[in-house]
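Everything on this sheet refers to the single structure shown next.
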Amino acid sequence: MKLGSKRQPIYKYVQEHAGKTPEKAAINYYGREITYHELDQYSDRFAAYLMEKGIKKGDKVALYLQNSPQYIIANLGIQKAGAVTSPCNPMFKEWELEYQLNDLEAKVIVMLDALYPIFNNIRTNTKVEMVITTSYADFLPEEPYPVFPEPLKAKKEIVESVDLFKLITDASLSISKYPAVEMKEDVSLIVYTSGSTGAPKGAMLTFNNAEFKTKCMLNTYSFTSEDIFLSVMPVFHIAGMLVGLNSPLMAGGTIVLLTRFDPAAFLQAVEKYKATILYTTPPMNLDLIKRSETQQEKNDLTSLRLNLGTSFGIQVSEEISNKWEKVSGVPLFEFAYGMSETHTGDALMPPDNVKYGTVGKPTYETEIKIMDLEEPEKEMPQGKQGEIVVKSPSVFKGYLNKQEATQRSFHDSFFYTGDIGLMDEEGYLHFLGRNKEMIKSSGYSVFPEEVEKMLVQHPAVGEVAVVGIPDAKRGESVKAFIVLEEQAAFITEEELIQWAREKMSAYKYPREIEFTEALPKTTTGKLLRRLLKTNGNIKT
């Protein structure tokens with residue numbers, strides 16, 4: 001089905017809203033409203049400053065910020081100047097930041113003042129020419145609501161940097177002409193893969209990639225200018241950006257922006273600002289359920305109409321959804337399948353026909369196939385497992401400075417994702433796991449997610465990660481690392497293994513279980529199973 005979009009950058013939509021509804025709130029930051037007129041004006045001034053300082057079309061600008069109005073303003077300004085935005089995870093340490101800045105060859109970095117010491121330690125190892133800092137305090141109202149974390153309020157003076165807030169409030173800065181944009185050719189965003197299976201790579205996404213996928217979201221979920229998006233998921237992450245930033249800006253809605261997730265603050269924000277759209281992960285929903293059940297005064301959540309979800313940490317399940325719906329009045333569902341390289345959302349869950357255990361159906365103008373793992377050019381029949389491949393207007397241009405890796409990822413214009421899945425008889429995509437994480441036990445393929453979904457059904461199991469470990473008899477066997485529920489009754493590893501043995505095929509159930517206090521994850525919540533893999537013999 002053809003989508004039908006305007007073929008223009010996201011910032012053009014902001015300009016249109018600034019013209020039609022200039023006083024409408026584009027952002028609400030703890031009670032401080034920034035109108036569409038102000039957002040357009042602030043980002044214009046930032047673009048003008050960058051261009052005045054010699055930043056040219058295609059130059060790379062790194063954003064080292066958590067959720068804040070400054071992130072949105074800077075992102076729009078960078079793209080208005082024809083430069084390329086590249087978000088850096090604000091939880092990066094020195095070596096991680098240095099790697100991305102150098103791989104990117106970033107000329108400018110915009111960062112939170114509190115993060116400056118991290119950058120300053122590696123500054124001379126990079127090619128960064130311009131440093132711009134900002135503070136949460138710049139946009140906070142006198143009495144933030146919900147309460148803003150006190151330690152984050154302090155503004156730090158950084159002599160070796162330019163103050164972003166002073167720039168964007170400088171009325172003498174203006175832009176007369178925006179660089180021309182080739183929607184399908186010009187890169188607007190470079191997002192680094194999480195590195196869950198190796199060194200992070202910069203996925204180059206075009207203006208067209210962003211507009212197309214955002215329009216898919218608007219059409220699928222009927223987002224309008226009346227919607228109020230509570231955005232607490234990181235907007236530096238591709239999914240948080242798509243749902244919590246690009247979608248409201250295209251629709252002309254309002255972004256209620258929170259810097260950090262806190263259950264009480266989240267529920268207060270929904271009630272106070274009448275949020276209609278949420279994007280969360282199951283651990284967040286479970287925290288919200290717990291908070292709602294224990295607090296004396298219940299929050300009014302009747303404004304909500306949709307809660308999109310992603311399985312980070314814990315799988316989205318109908319059981320969790322039902323519990324959440326009793327509290328909020330809306331179900332939680334897995335909204336999408338995708339990745340950085342495709343601007344995510346290649347499959348989207350129809351909101352009126354949710355099928356739990358799946359990740360939705362191929363979205364507009366998107367073809368998804370399942371290919372044989374041994375013969376990559378052979379398509380698998382319906383219901384059979386294989387590698388997920390995608391052809392879509394949102395597929396990236398390639399990896400920055402990695403032509404060979406780019407070429408290996410494509411065949412016959414399809415992007416080979418490295419993910420394993422199957423397509424069922426109703427056209428829903430089932431995501432089963434990463435190809436590199438698949439376990440070969442006694443000649444059978446075992447997908448970690450499949451075993452994890454079963455194990456987490458045990459009442460004592462809070463979180464679980466499954467890996468393959470060497471087994472002289474079977475080739476590989478399953479080992480599960482388990483974080484027990486806080487209130488769980490005493491249980492032994494052997495008892496859990498026996499329970500799993502009764503629930504799963506002989507080649508699937510874990511031969512070893514190890515209890516642990518926490519599982520290794522990326523800062524966005526993805527499991528890092530490779531860090532759990534160990535060598536050595538196992539029990540039989």
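Observations, loosely collected:
- Extension gain for Lys2-Val147 works out to 47.7 nm (0.36 nm per residue, less the C-alpha to C-alpha distance).
- Span from the segment 393-407 Cα centroid across to the segment 1-76 one, whole angstrom: 26 Å
- Close Lys pairs in segment 413-511, defined as Cα atoms under 14 Å apart and 8 or more places apart or on different chains, number 6.
- If R0 is taken as 45 Å, the Cβ-Cβ distance between Gln268 and Ala199 corresponds to a FRET efficiency of 0.65.
- Principal-axis tilt of helix 69-80 within the chain, Cα atoms, nearest 10 degrees: 80 degrees
- From helices alone, the chain scores -8000 deg cm²/dmol at 222 nm; the rule is -39500 (n - 2.57) for each run of n ≥ 4 DSSP H residues, then divide by the residue total.
- Efficiency of FRET from Cβ geometry, Lys440 and Glu160, R₀ 51 Å, rounded to 0.05: 0.45
- Cβ-based net charge around Val128, under 12 Å, with every Lys or Arg adding one and every Asp or Glu removing one: -1
- Using alpha-carbon coordinates, inclination of helix 10-20 to the longest axis of the chain, degrees: 50 degrees
- For segment 210-275, the dipole from Cβ point charges (+1 on Lys and Arg, -1 on Asp and Glu) about the Cα centre works out to 80 debye, to the nearest 20.
- On Cα atoms only, tilt of 263-273 relative to the major axis of the chain in degrees: 50 degrees
- Taking N as the residue count of segment 10-260, its C-alpha radius of gyration divided by 2.2 N^0.38 Å amounts to 0.94.
- Separation of alpha-carbon centers, segment 228-286 and segment 483-522, rounded to whole Å: 33 Å
- Site pair Arg408 and Lys177 shows an inter-label distance of 4.4 nm when each label is modelled 7 Å from Cα along Cα→Cβ.
None of the figures in this text is laboratory data; all of them are computed from the coordinates on show. Keep in mind that this is a model prediction, so the values were computed, not measured. For neighbour counting, all protein chains shown are included, and Cβ atoms are generated from backbone atoms with ideal geometry for every residue, glycine included.
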